[in-house]
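First comes the structure, then the notes that go with it.
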Amino acid sequence: MEMDKLVSLCKRRGFLFQSSEIYGGLNGFWDYGPLGVELKRNVKEAWWRDMVTGHDELSVVAGAPSEYEMTGLDCTIIMHPQVWKCSGHYDLFHDFMVDCRESKKRYRHDQVRGRWVTFRDKRAFVTTMAEPDKEQAEFEQKSLKLFNLRGKDAGSLVWEGEAMSLTKVPNLAEVLGPDAKTLGTLTEPREFNLMFKTIIGALGSDEDAAFLRPETAQGIFVNFKNVVDSSRVRIPFGIAQMGKSFRNEITPRNFTFRSREFEQMEIEFFCKPASSPEWYKYWRDRRYQWYLDLGLPRERLQLRDHHADELSHYSCGTADIEYAFPFLPPGEFGELEGVAHRGDFDLRSHMEGKLAKDAEGKLAVELNADGKPKHRGSGKDLSYFDDQARERFVPHVIEPSAGADRATLAFLCEAYTEDNVPDENGKPRERTLLKLHPRLAPIKAAVFPLVKKDGMPEAAQKIYRALKKHFNVFYDEGASVGKRYARQDEVGTPYCITIDGETAGGGGVTFRDRDSLKQWRVGADDCVAELSKLLTPTT
Ligand code: GAP
């Protein structure tokens, strides 16, 4: 699937728009249109329902080590600045950047890619920010310009090795920046914090600076005690939260995949240290299955365990759930969700002060030059007392952390389909459709009177009103029925219901399935029951 086609459908049919488009847009920010908002809400509602409100805490869910409880939270976006100091985001949440003295542009060091090229005795590392499939063409064009050559001279360029990241090049004097015309214009890499800063209060100065949260997780950790004290949950239990997060990404790209404002769906699952490896495995598998159940196929969805050198200093295990997004080169996958075993790092950091590994490799409060805690914790006791086992401990945490926008994008990419099907007169017709899972589809059914006369609109509106009480349905009486089907297929509506000349005489209505094109008759009074049956998951 070509990404351009999906992007164009999303704009044309009101799924996604560039933020502030009439002013030229704002890089890394996206607005969901009338259909996009429904789709994203359905993704979030499916997550909340499947993980939180639909969870049965009285039974042992398949694969789980025991019963467990789930509850939710909705915390503020701006939190006490100390939260981010103890979480590690203040010190560690940064990317390395290089600036170009010539073009005045800034790039993420690891995202600039280039290739070594030689012409006669001159050698350079020519770089670009182009997508991988357009890279080589860019390298060639830029090398020709650099060496003052014409297109017909391309054969005299000698390429060395494959394209690679700028991080592998020690001497920046030999580098041609992505938007530069001369060599050596890139600065040495510098750290850049990804948190958005803001000032609290009218008279606020930099000392009152606060941050827009870069993840929802910390709101859960700092409310751990409140939840335990107020809701009688007992370990093992999870707290879920979804909401906006903000990261000042250096190079937002690939549609909504890397945005500066996005939504996360995170669970912090608290358990006894001894059982935490089993819970980690449970959540890894459970979350992977969730995407499969909603339509992502196994061949484009992978569960990838991090290598030991990829793990955070506190993590005993992390796995990413990754999807083969169509904008990536074949064989590459992009992260949808991370499932991490975080040990007791977060609760202890908020209790004692920011932790770091000491000389013996153990987590201890990080000290400053005066031997005092570098970032002081809250001092509040965030341990848990198990009154049955009569023991007190700091729970270990398993964190399944998903992105609502990335999941929505993956479902859209997977759903985009072009096929060739017979129209109502039996002639082959090319069609574009979104094969969205019915739970995710923005509109569940469209209701059409076959023609705008003979009482059909009135009968159709009656059915539409009955359905509307339960589902998001759409009424359409304009254009031929074929065109109306096509419009609904393109936005992923799983069922169309047509009212025709036989309906008034008790002959029922026609249901049509978007994917199989199968049609069947249903009694006019049975539409609500039929659609409920169709939309109820069978598993
Ligand atoms: N609390 C852990 C955490 O935030 P993360 O891997 O940085 O982990 C979790 O983020 C998820 O949030 C990612 O798997 C991704 O789905 C989503 N996400 C992260 N940065 C994003 C961005 N810039 N744009 C869109 N989604 C993003």
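The values are calculated or read from the model by the stated rules, or taken from the named source; none is laboratory data. For clarity, every value in this text was computed on a predicted model and none was experimentally measured. Note that each Cβ is placed from the backbone with ideal geometry, even for glycine, and that neighbours are counted across all protein chains shown. Protein only, heavy atoms only, side chains kept; ligands, DNA and RNA dropped before computing areas. Shrake-Rupley method; radii C 1.70, N 1.55, O 1.52, S 1.80 Å.
Among the residues of segment 211-219, are any open to solvent by 20 Å² or more (accessible area, probe 1.4 Å) and modelled with pLDDT under 95? No. Looking across segment 420-443, the residues that are open to solvent by 30 Å² or more (accessible area, probe 1.4 Å) and at pLDDT 95 or above come down to T432, K435, H437, P438, R439. Only one of the listed residues (S383, S401, S349, S378) is within 16 Å of the ligand (Cβ to nearest atom), open to solvent by 10 Å² or more (accessible area, probe 1.4 Å), closer than 30 Å to E263 by Cα and of a type in the set (S, T, N, Q). That residue is S401.
Of the residues F411, F333, F327, the single one that is free of Cβ contacts under 8 Å to residues at least 40 places away in the same chain, within 14 Å of the ligand (Cβ to nearest atom), surrounded by 14 or more Cβ atoms within 10 Å (Cβ to Cβ) and not β-branched (V, I, T) is F333. Checking each residue of segment 495-517 against the condition of being open to solvent by 70 Å² or more (accessible area, probe 1.4 Å), out of contact with any strand residue (DSSP E or B) (no Cβ under 6 Å at 6 or more places or on another chain) and basic (K, R) gives no match. Selection of segment 272-282 for residues being over 16 Å from S315 (Cβ atoms) and either within 15 Å of the ligand (Cβ to nearest atom) or of a type in the set (K, R) (or both) yields only K272. For G506, the criteria (1) modelled with pLDDT of 95 or more; (2) touching a helix residue (DSSP H, G or I) at 6+ places or on another chain (Cβ under 9 Å); (3) not polar (S, T, N, Q) hold in every case but one, which is (1).
Here is a yes/no grid of residues against (1) assigned to a strand (DSSP E or B); (2) under 33 Å from the mean Cα position of the chain (by Cα); (3) basic (K, R):
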site	(1), (2), (3)
P330	no, yes, no
E335	yes, yes, no
R342	yes, yes, yes
L347	no, yes, no
A359	no, no, no
A369	no, no, no
K380	no, no, yes
R392	yes, no, yes
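Candidates in segment 168-225 are the residues that are within 30 Å of T118 (Cα to Cα) and part of a helix (DSSP H, G or I); of these, the one that is nearest to the ligand (Cβ to nearest atom) is K168.
Of the candidates F269, F246, F255, F262, the single residue that is touching a Phe, Trp or Tyr at 6+ places or on another chain (Cβ under 7 Å), within 16 Å of the ligand (Cβ to nearest atom), over 30 Å from D381 (Cβ atoms) and open to solvent by less than 50 Å² (accessible area, probe 1.4 Å) is F246.
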